[in-house]
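Just below is one structure, and these are the notes that go with it.
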Amino acid sequence: MQVIQDFIITYGYLAIFLMLTLGIVGLPIPDEVMMTTVGYFTNTDLINYGPAIIISFLGSLLGMMISYTIGRKAGRPFINKYGKWVGLKEKRMVQVEKWMKKYGPYSIILGYFIPGVRHLMCYFSGIGKMKLKTYIAFAAIGAFLWCFVFITFGKMVGVIQ
C-alpha cells in the first residue's frame, strides 16, 4: 500500500488514472483501498476532491471499456479454448449470456461494488455482446457512483482523524 501512496504523491492525478485503468482491466491493485486513500488525500489537500472524482471516474471508465473490448473481441474464443479448465463450458456460457441479457445492465452497477465481480462484469458484457451504448451508460453510472462513494468515504475518514 505504501508503494501506491508514494505513486499517488509523486504523480498525482496521472497515477490515479493509470492505476484505476489497469486495476479494472485486471492488474492486482486494491482499488477500494486506493480510492479510500485518494479520498483521504483530498482531506489533507494533497489533491482536490472534484478533480479526484473526475479523474478516477475517467480511469475506471477507460478500464471498463478496455475490458469490454477484450471480452467482445477475444473472450468467446478464449473461453471456448480454456474455459473447460475453470468450469466455463458452453452450457454455462449460454446461461451467463441469458442472464446478462436479462439483468446485465443493472448488474454492472451493483457488481461494481463487489471486488472481483466488477472486473468479470466488464468482460462478460463484452462476451455477451451487450450493446455498446447500453454498456457505456450503465458502466458510467456504476463507475461514477463507486468513485464518489469511496473517495467521499476516504475524505470523511480523514475528517475523523
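The values are calculated or read from the model by the stated rules, or taken from the named source; none is laboratory data. Please read these numbers as outputs of a predicted model, since none were measured by experiment. Virtual Cβ from ideal backbone geometry, glycine too; neighbours counted across all protein chains shown. What goes into the accessible areas is simple: the full protein's heavy atoms, side chains included, and nothing from ligands, DNA or RNA. Shrake-Rupley method; radii C 1.70, N 1.55, O 1.52, S 1.80 Å.
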_I need the helices (runs of 4 or more DSSP H) fully contained in the range 1-86, keeping only those with at least 1 residues that are without any contact (Cβ under 8 Å) to a residue 24 or more places away in the chain and surrounded by 18 or more Cβ atoms within 10 Å (Cβ to Cβ)._
13-25
*Subset of the range 118-136 (residues that are open to solvent by less than 50 Å² (accessible area, probe 1.4 Å) and either β-branched (V, I, T) or in a helix (DSSP H, G or I) (or both))*: R118, H119, M121, C122, F124, S125, G126, I127, T134, Y135
*Has the range 108-125 got at least one residue that is over 14 Å from the mean Cα position of the chain (by Cα), over 29 Å from M156 (Cβ atoms) and of a type in the set (G, A, S)?*
no
*Quick check, is E90 under 21 Å from G142 (Cβ atoms) and of a type outside the set (G, A, S)?*
no
